[in-house]
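A.B. asks: One structure is given below, represented as structure tokens, and several questions about it will come after.
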Amino acid sequence: APDISVDAVQKDLKELQSVAEENGGNRAHGEPGFKASIDLIKKKLDDAGFKTDVQEFDHGGTTGYNLIADWPKGGSEDNTVMAGSHLDSVGSGPGINDNGSGSAGILEVALAVAKEKLEPKKHLRFAWWGAEEEGLVGSQKYVSSLSEGDVKKINTYLNFDMIASPNAGYFVYDDDAAVQKVFQDYFKSKDITTATSPEVNGRSDHASFADAGVTVGGTFTGAGETMTEEQAKQWDGKAGEPYDKCYHSECDDISNVNEKALDLNSDAIAHAVWELSS
Ligand code: PHE
Ligand code: CA
Ligand code: ZN
Ligand code: ZN
Ligand code: ZN
């Protein structure tokens, strides 16, 4: 898999920060900053040769949007690997770690797929979800829009929600042992010990897929919980402090980014996408 440029991911995050600044300080469902975020990501994917589709849904009296991007080269859609991230923020801030980070990480992996003109054995699809912060709404709408047969065509769904927490933990979802191992092996190759997190279970868009019987996985650097002593030693972090002290706050802005965690996780996404789609 290629090495994803963390500078490119940071540049995307700066653009999402600008979107928030130009739209009242957030990128939340039902607010103009969310649709502007969708338009920004869609343009980059269209220019790179992806086949994109914006799925509209209604939630809480306002229109929500999911952006779906299919890579036209490679194997049949009957055997699809998906990677997804929620693109909406909460109303209180620009949502750069939560979840500009995952959104920009999978975007740069998608653009790397295009750059390499990858022809994987399986089909590749990327997704940016709306209204996650209102209860996994966009991803649930997507999954429930699929027939039972179409759900079965999804070989694996990978989820990335918060991958640049300032006081970063290196967490891997434990839903599926084989997918978990793909991520563990990547981090091990970089001398990083990973852990599982009880904070993850059912609390992001992978749950919409897991509930429908799809194999899921992903990585996470921690939200509002506190880092333990042992973890602080392992990961060179701060014990007794939250992984992300700006979680769901106004200060979740462009300065709320751990570049090392962002780089490692973006490269881990590329590794998993290449490995699982081959
Ligand atoms: N979904 C939570 C949020 O967006 C945080 C979270 C991320 C939880 C990843 C579990 C896994 O606020
Ligand atoms: Ca990198
Ligand atoms: Zn959140
Ligand atoms: Zn989130
Ligand atoms: Zn690799």
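A.B. asks: When the Karplus curve 6.51 cos²θ - 1.76 cosθ + 1.60 is applied with θ = phi - 60°, which whole-Hz ³J(HN,Hα) does each residue of the range 54-71 get, with x for Gly and Pro?
C.D. replies: Along the range 54-71, the couplings run 9, 8, 9, 8, 10, 8, x, x, 10, 7, x, 9, 10, 9, 10, 10, 9, 8 Hz.
A.B. asks: Still on this structure, please answer the following. Just in the range 155-235: which GluC sites (Glu not before Pro) are loop by DSSP and have at most 16 other Cβ atoms within 10 Å? Working shown, then result.
C.D. replies: Numbers: sites: Glu199, Glu225, Glu229, Glu230; in loops: Glu199, Glu225.
Sparse-neighbourhood loop GluC sites (Glu not before Pro): Glu199, Glu225.
A.B. asks: Can you list the residues, at least 5 places off or on another chain, whose amide H is less than 5 Å from the amide H of Phe220, using H built in the peptide plane?
C.D. replies: Phe171
A.B. asks: Which order do the peptides 211-219, 189-197 take when ranked by the mean count of other beta-carbon atoms within 10 Å per residue, highest first? Provide the component values of the computation, followed by the final result.
C.D. replies: Working: 211-219: 20.8, 189-197: 14.2.
Ranked from most to least packed, the peptides come out as 211-219, 189-197.
A.B. asks: By the gyration tensor of its Cα atoms, with a ≥ b ≥ c the square roots of the eigenvalues, what is the shape of the chain: rounded for a/c under 1.5, prolate for a/b over b/c, or oblate?
C.D. replies: In terms of gyration-tensor shape, rounded.
A.B. asks: Between Gln180, Gln17, Gln234, where does the largest GNM mean-square fluctuation fall for the chain, given springs only between Cα atoms within less than 10 Å?
C.D. replies: Gln234
A.B. asks: Given the -39500 (n - 2.57) contribution per DSSP H run of 4+ residues, what per-residue ellipticity at 222 nm results for the chain, rounded to the nearest 500 deg cm²/dmol?
C.D. replies: Roughly -12000 deg cm²/dmol at 222 nm, from the helical runs in the chain.
A.B. asks: If you don't mind, there's one more thing I want to ask. Among Trp235, Gly74, Ser18, whose Cα projects farthest towards the positive end of the dipole of the chain, with charges put on the beta-carbon of Lys, Arg (+1) and Asp, Glu (-1)?
C.D. replies: My answer, from the dipole projection, is Gly74.
A.B. asks: Short version: ³J(HN,Hα) in whole Hz for each residue of the range 221-238, in order, from phi by Karplus 6.51 cos²θ - 1.76 cosθ + 1.60 (θ = phi - 60°), x for Gly and Pro, what are they?
C.D. replies: Running phi through 6.51 cos²θ - 1.76 cosθ + 1.60 with θ = phi - 60° gives 10, x, 10, x, 6, 9, 6, 7, 4, 4, 5, 4, 5, 4, 10, 6, x, 10 Hz.
A.B. asks: Taking the range 57-122, which trypsin sites (Lys or Arg not before Pro) meet the DSSP loop condition and have no more than 16 other C-beta atoms within 10 Å?
C.D. replies: Answer in residue order: Lys73, Lys117, Lys121.
A.B. asks: List the residues whose amide H sits under 5 Å from the amide H of His59, counting only those 5 or more places along or on another chain, with H placed 1.01 Å from N in the peptide plane.
C.D. replies: Gly64
A.B. asks: Can you give me the relative contact order of the chain as a percent, contacts being Cα pairs under 8 Å and 6 or more apart?
C.D. replies: Normalised by residue count, the contact order of the chain is 23 percent.
A.B. asks: Enter the Cα centre distance for the pair the range 112-137 and the range 14-63, rounded to the nearest angstrom.
C.D. replies: Answer, in whole Å: 15.
A.B. asks: Sorted by mean Cβ packing within 10 Å, highest first, what order do the peptides 161-173, 245-257 take?
C.D. replies: 161-173, 245-257
A.B. asks: Which entries in Lys44/Lys190; Lys35/Lys188; Lys51/Lys121; Lys153/Lys245; Lys188/Lys238; Lys190/Lys245 show an alpha-carbon gap greater than 28 Å?
C.D. replies: Checking Cα-Cα distances, Lys44/Lys190; Lys35/Lys188; Lys153/Lys245 exceed 28 Å.
Each reported figure results from applying straightforward, stated rules to the coordinates on display, with no laboratory input. What you are looking at is a predicted structure, and each value in this text was computed from that prediction instead of being measured. We place every Cβ from the backbone using ideal geometry, glycine too, and count neighbours over all the protein chains shown.
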